[in-house]
C-alpha cells in the first residue's frame with residue numbers, strides 16, 4: 001500500500017493578513033511504502049504547507065490527501081505517522097526519556113480507546129531505551145532537555161517521532177537549525193534509522209545536497225503559487241548502502257550529477273514562476 | 001551533596017542583603033527623627049516633611065519596649081507582643097483561606113477563558129473591572145449578604161466574609177497570569193508543541209493537562225506571590241471595614257485611637273502585619289519549591 005497519495009491538492013488562505021494567498025495549487029504526490037521523498041524549494045513554495053496537509057495539521061481547500069488509504073484525519077487520530085519539526089519542541093519539565101515516551105502515554109483517537117491498548121510502563125521504558133540507543137543518547141536518558149545541545153535535542157525529537165513505530169515519518173526541516181557538521185552526522189543517522197525501521201519519510205528541506213543525499217525521490221517546488229515543477233529520482237542505492245558509504249557517497253560523481261539536476265530544476269522553476277528576463 | 005552546599009552558599013548572599021536592608025531602614029528612621037525638627041518642615045502653609053515627635057514617630061526601642069509590656073493596666077493582662085502574635089496568626093489564617101479560594105477561583109476563570117475564546121472576550125473586561133470597585137464599598141455588602149446566608153446547619157461566620165473579600169483581591173493576578181501561561185504554548189517555538197499534541201490526536205483536556213498547565217507555571221508563580229500580598233492587604237482592610245475582632249486590622253484601629261496617650265502601642269500590630277506578609281511570601285516560596293521542575297528552561 002502506498003504511504004501517501006496527494007491528488008490535486010490546493011490550499012488558499014482566507015482571512016487574516018494573508019487572505020487570498022494561494023499557498024499550494026494542484027499538487028499531486030505519491031510516496032510509496034518505505035520510500036523517502038524530499039520536498040525542496042525556496043521559502044514560500046508551500047513545502048511546509050504540503051507536509052501539514054499530509055499531517056492533517058491543516059486542511060486542503062481543494063483536492064484530497066490519503067495516508068495509508070485513510071483520510072489524513074483518520075491517520076492522524078490513529079497516530080499512523082511520527083512527526084518532527086525544525087524546533088525540537090521538547091517538554092522542558094520532562095526528562096529525555098519521558099519526552100521520548102510522551103507519544104506512547106497519550107491515547108490516540110476516541111475510536112482506538114481501550115481497544116488496541118496503550119503500552120504499559122515497562123513496555124514504554126523498553127521502547128524508549130531502544131530508541132535512545134538508536135539515536136546514541138542512552139547516557140542522557142535522565143537529563144533534561146535544556147542540558148542538551150541543539151543537535152542532541154533534535155535527536156530526542158526524532159526518537160520521539162519513532163516512538164510508536166510509525167510506518168510514515170514526516171519531517172519539516174528537522175536539521176535546519178543545526179551547524180553543518182551536526183547536520184551531516186544526523187543525516188547519516190537518519191539513513192541508518194530508515195534502514196532499520198523501513199518507514200516511509202516525507203522530508204522538507206531547502207538544502208539541495210541534503211535532499212539528494214537522503215532521498216529516493218526529490219520533489220522540486222516553486223512559489224507563487226506553490227506547485228510541483230519537477231520530480232527527480234535519485235538512484236544512489238538503498239539507505240543501508242548509503243549510510244555505509246557515508247563521505248564516499250558525498251564525493252561520488254553520480255551524487256554530484258543528481259545535485260546539479262535538482263539545482264537546474266529549482267532554478268528553471270524559479271525563472272518560470274518569476275518570469276523575470278535575465 | 002555538593003549541590004546543597006552550593007545552594008546554602010547562594011542563600012547566604014540574599015540573607016545578608018536582607019539583614020542590611022532592615023538595618024538601613026532602622027538607621028533611616030532614627031536618623032530622620034534625630035535630624036528633622038519636631039514639627040517637621042513647613043513651607044508656607046504646607047507641611048512637606050512629617051512631624052518627628054514621639055507621638056508621630058516613636059523611637060524603635062520604645063516600640064520594642066512597649067511590645068514587651070502588658071496590653072492594658074489590668075492585673076492579668078497578657079503582654080502586647082503575645083496579643084499581637086495571636087492577632088497575626090488569626091489574620092494569616094483568614095488570609096490563607098482567602099488566598100486558596102482566590103487561587104481556585106482565579107484558575108477556574110483562567111481555564112474557562114483559555115478553553116472558550118468567546119468567554120475570554122466576555123470575561124476579561126469584567127475581571128479587570130472587578131478590581132476597580134473600592135474594597136471599602138463592598139466589604140459591608142459582603143458581610144450583610146453573608147449574614148443572610150443559612151444552609152442547613154451551616155452558619156456563615158463574619159471571618160468568612162473577610163476571607164471572601166481577600167479572595168476577591170487575590171483571584172485577579174492569578175486569573176490574568178494563568179491565562180497568559182495557559183496560552184503560552186500558542187506562541188512558544190512557533191506553536192510546535194501544540195502541533196505535536198494535535199499530531200498525537202489527543203483532545204483539548206489532555207493537551208491542557210500535559211502541555212498548557214505545566215507551561216503556565218513560570219507565569220503562575222509571580223501571580224501567586226502577588227495574590228498572597230493582595231490576600232493579606234485585603235484581609236487587614238476588610239477586618240477594619242467590617243469591624244471583625246481578633247485580627248490585626250481591628251487592633252490597628254483600636255490602638256490608633258489611643259495613639260496620643262500610648263503612641264508606641266499601635267506599631268506592634270503594624271509590625272505584626274509585616275510578619276504576616278513575610279509568612280505568606282514564605283508559604284508561596286514553598287509552593288514554588290514544589291513546582292521547581294516546571295521552572296527550568298523557561299523562556300521569560
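A few points about this structure:
- Condition broken by residue A:169, with the remaining ones in (1) within 14 Å of chain B (Cβ to nearest Cβ); (2) under 22 Å from the mean Cα position of the chain (by Cα); (3) part of a helix (DSSP H, G or I) satisfied: (3)
Conditions (1) without any contact (Cβ under 8 Å) to a residue 40 or more places away in the chain; (2) part of a strand (DSSP E or B); (3) farther than 30 Å from residue A:123 by Cα, marked per residue:
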{"site": "A:183", "(1), (2), (3)": "yes, no, yes"}
{"site": "A:195", "(1), (2), (3)": "no, no, no"}
{"site": "A:218", "(1), (2), (3)": "no, yes, yes"}
{"site": "A:231", "(1), (2), (3)": "yes, yes, yes"}
{"site": "A:254", "(1), (2), (3)": "yes, no, yes"}
{"site": "A:265", "(1), (2), (3)": "no, no, yes"}
{"site": "A:268", "(1), (2), (3)": "yes, no, yes"}
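Residue-wise test of (1) buried (at least 19 other Cβ atoms within 10 Å of the Cβ); (2) more than 10 Å from chain B (Cβ to nearest Cβ); (3) more than 16 Å from the chain's Cα centre (by Cα); (4) touching a residue at least 40 places away in the same chain (Cβ under 8 Å).
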{"position": "A:44", "(1), (2), (3), (4)": "no, yes, yes, yes"}
{"position": "A:47", "(1), (2), (3), (4)": "yes, yes, no, yes"}
{"position": "A:71", "(1), (2), (3), (4)": "no, yes, yes, no"}
{"position": "A:90", "(1), (2), (3), (4)": "yes, no, yes, yes"}
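- All told, residue B:253 meets the bar of being in a helix (DSSP H, G or I), away from every other protein chain (no Cβ under 14 Å) and over 16 Å from the mean Cα position of the chain (by Cα).
- Identification of helices (runs of 4 or more DSSP H) wholly contained in the stretch B:101-204 with 1 or more residues that are exposed (fewer than 14 other Cβ atoms within 10 Å of the Cβ) yields B:117-130, B:135-148.
- Count of the stretch B:256-292 residues, restricted to those that are assigned to a loop (DSSP other than H, G, I, E, B) and either modelled with pLDDT of 90 or more or outside the structural domain of residue B:69 (by TED's automatic domain parsing) (or both), is 1.
- Flag for residue B:246 being closer than 29 Å to residue B:141 by Cα and under 20 Å from the mean Cα position of the chain (by Cα): yes
- The conditions of being assigned to a helix (DSSP H, G or I) and surrounded by 15 or more Cβ atoms within 10 Å (Cβ to Cβ) are met by residue B:66.
- Of the listed requirements (1) modelled with pLDDT under 85; (2) within 28 Å of residue B:91 (Cα to Cα); (3) touching a helix residue (DSSP H, G or I) at 6+ places or on another chain (Cβ under 9 Å), residue B:119 misses just one: (2).
- For the stretch B:1-38, the set of residues classified as at pLDDT below 80 and more than 31 Å from the chain's Cα centre (by Cα) consists of B:1, B:2, B:3, B:5, listed by residue number.
- The residue that is nearest to residue B:290 (Cα to Cα), counting only those in the stretch B:188-216 that are under 35 Å from the mean Cα position of the chain (by Cα) and facing another protein chain (nearest Cβ under 8 Å), is B:214.
- Scan of the stretch A:228-278 for residues that are closer than 24 Å to residue A:43 by Cα and modelled with pLDDT under 85, ordered by number: A:268, A:269, A:270, A:271, A:272, A:273, A:274, A:275, A:276, A:277, A:278
- The residues in the stretch A:122-157 that are within 14 Å of chain B (Cβ to nearest Cβ), part of a helix (DSSP H, G or I) and over 20 Å from the mean Cα position of the chain (by Cα) can be counted, and the count is 3.
The values are calculated or read from the model by the stated rules, or taken from the named source; none is laboratory data. Computed from a predicted structure; not experimentally measured. No Cβ is skipped: glycine too gets one built from the backbone with ideal geometry, and neighbour counts run over all protein chains shown.
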